[in-house]
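> Below is a structure I'd like to ask you about.
The values are calculated or read from the model by the stated rules, or taken from the named source; none is laboratory data. Because the structure is predicted, anything quoted here is derived from the model rather than measured. So basically every Cβ, Gly included, is an ideal-geometry build from the backbone, and we count neighbours across all protein chains shown. Note: accessible area is taken over every heavy atom of the protein model, side chains too, but ligands, DNA and RNA are not part of it. Shrake-Rupley method; radii C 1.70, N 1.55, O 1.52, S 1.80 Å.
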Amino acid sequence: MESRVATVAIIVENMDSVEKLNAILHDYAAYMIGRMGIPYRQKNVNIISIAVDAPEDVISALAGKIGQLDGICVKTVFSNI
C-alpha cells in the first residue's frame, strides 16, 4: 500500500485523556517522522503536532481513535505526494 505524508494536529483540553492519547501514539510510533508538543499554560491546553508517513487508512484510523478521546480535538492535513 502506498504511504502518504501527513501532519496530525492535536489540541488537548482534558489532561485526564493524556494517558490514553500517549498509548494510541505509542501504537502508531512506527509511522511517526517526528512529534512536537507545546504546553500552553495560560490557556491550560497542550498543542501537539505529529508528522507521519503511512498509508492513508492508517492515518485516518489514528486520527479517528484520537478524536474519540474526551477533551481532545484532532485534524489531519495530507500532502499531495
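> How much accessible area per residue does the chain have, counting only protein heavy atoms and a probe of 1.4 Å, in square angstrom? Walk me through the numbers before you get to the answer.
Details: 5260 Å² over 81 residues.
On a per-residue basis, the chain sits at 65 Å².
> Calculate what fraction, in whole %, of the accessible area of the chain sits on carbon and sulfur atoms when a 1.4 Å probe is rolled over the protein chains.
53
> What does the charge add up to near Ala6, with Lys and Arg as +1, Asp and Glu as -1, over the other residues with Cβ less than 9 Å from its Cβ?
After counting each charged neighbour, the total is -1.
> To continue, here is another question. Between Ile38, Ile48, Ile24, which gets the highest mean-square fluctuation from a Gaussian network model of the chain, Cα cutoff 10 Å?
Of the options given, Ile38 has the highest mean-square fluctuation.
> How high is the FRET efficiency from Asn44 to Ile81, r the C-beta distance, R0 30 Å, rounded to 0.05?
E between Asn44 and Ile81, to the nearest 0.05, is 0.25.
> Between helix 56-67 and the chain, what is the angle of the helix's C-alpha long axis to the longest principal axis, kept within 0 to 90° and rounded to the nearest 10?
Tilt of helix 56-67: around 10 degrees.
> Remind me, relative contact order of the chain in percent, using alpha carbon pairs under 8 angstrom and six or more residues apart?
Relative contact order of the chain: 49 percent.
> Could you give the length gained by full extension between Ala9 and Ile24, i.e. 0.36 nm per residue of separation minus their alpha carbon distance, to one decimal place?
4.0 nm
> Name the GluC sites (Glu not before Pro) in segment 1-40 that are in a loop by DSSP and that have at most 14 other C-beta atoms within 10 Å, would you?
Glu2, Glu13
> Would you mind counting up the charge near Ala51? Only other residues with Cβ under 12 Å from its Cβ, with Lys and Arg at +1 and Asp and Glu at -1.
Net charge around Ala51: +1.
> In addition: Among the trypsin sites (Lys or Arg not before Pro) in segment 1-44, which ones are in a DSSP loop with at most 15 other Cβ atoms within 10 Å of the Cβ? Mind listing them?
Passing sites in segment 1-44 are Arg41, Lys43.
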